[in-house]
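K.L.:
Below is a structure I'd like to ask you about.
The values are calculated or read from the model by the stated rules, or taken from the named source; none is laboratory data. The structure displayed is predicted, hence computed values, not measured ones. Neighbour counts run over all protein chains shown; Cβ positions are idealised from the backbone, glycine included. Heavy atoms of the whole protein, side chains included, go into the accessibility calculation; ligands, DNA and RNA do not. Shrake-Rupley method; radii C 1.70, N 1.55, O 1.52, S 1.80 Å.
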Amino acid sequence: MPNGVVFKGAIAPEVQQDTVAFSEFHIRDTRFAHSTGARLELREVELYTRPQDGKLQTRVLYEVTVSEDMLNRGNTLHGGCAAFMIDVCSSVALRVLGRVQGKPAEFVSQTIVSTFHAPAPLGATLNIVNTTTSFGARTVSARVEIWDATHRRLCVSGVHNKMAPSEPTRAAAKL
């Protein structure tokens, strides 16, 4: 259990260590939204077989408390902050699945779609639940639900699609 994170399923110790290290690097060691990323706590990583098709999937849980720097003018969770959490937290779930399966684990975003259901006020504890949905040869995707655990309601849902980065062209390399 690196750093107190609960791992469920057949996740090798080296993948567990990589997950914690990548989470620290990808979420906390960032310039954009640094104060929010620094407070995101990785709580649980689960590897399971989806019963509908027998494919491996991952579920990753993060937790954070809504603070002043995450608020909009209405004093609730800002949509941009929610999009940031959808982006970075789901990226960890997708990396875990890639690593477990021995597939590529480095991706760039294609789309992030979000739907806002209820406000999350200052002080609310949020659970960010990230579940992989597809891991293809060209694109991967995860769905995310941001739950207000304090008030027991779904605040935001989202889908994050990613793809392998392309190599820079020679013309771009010369710039």
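K.L.:
In a GNM of the chain with a 10 Å cut-off on Cα contacts, which of 144, 60, 113 has the highest mean-square fluctuation?
P.N.:
Most flexible of the set in this elastic network: 113.
K.L.:
Using DSSP, restrict attention to beta bridges with both residues in the chain and report what percent are antiparallel, rounded to the nearest 5.
P.N.:
Of those bridges, close to 95 percent are antiparallel.
K.L.:
Separate question: Can you give me the % of accessible surface on the chain that is carbon or sulfur? Probe 1.4 Å, all protein chains present, nothing else counted.
P.N.:
In the chain, the share of accessible area belonging to carbon and sulfur is 52 percent.
K.L.:
For residue 12, what is the net charge nearby, where nearby means another residue's Cβ is under 13 Å from its Cβ and Lys, Arg count +1, Asp, Glu -1?
P.N.:
Combined, the nearby Lys, Arg, Asp and Glu give -1.
K.L.:
Test of the criteria: in region 26-86, which trypsin sites (Lys or Arg not before Pro) are in a DSSP loop and have at most 15 other Cβ atoms within 10 angstrom of their Cβ?
P.N.:
When the trypsin sites (Lys or Arg not before Pro) of region 26-86 are filtered for loop state and at most 15 Cβ neighbours within 10 Å, 31, 55, 73 remain.
K.L.:
Another question, then. When the chain is modelled as a GNM with alpha-carbon springs shorter than 10 Å, which of 17, 52, 110 fluctuates the most?
P.N.:
Of 17, 52, 110, the Gaussian network model singles out 52 as fluctuating most.
K.L.:
Give me the one-decimal nm value for the distance between modelled label points at residue 52 and residue 69, 7 Å along each residue's Cα-to-Cβ direction.
P.N.:
Between residue 52 and residue 69, the simple spin-label model gives 3.8 nm.
K.L.:
Among (i) 128; (ii) 178; (iii) 139, only one was calculated for this model; which label is it, if the read-out is volume of the Cα convex hull per residue in Å³?
P.N.:
Checked against the structure: label (iii).
K.L.:
Any chance you could run the full-extension gain for residue 12 through residue 111? It's 0.36 nm times the residue separation minus the Cα-Cα distance, nm to one decimal.
P.N.:
32.6 nm
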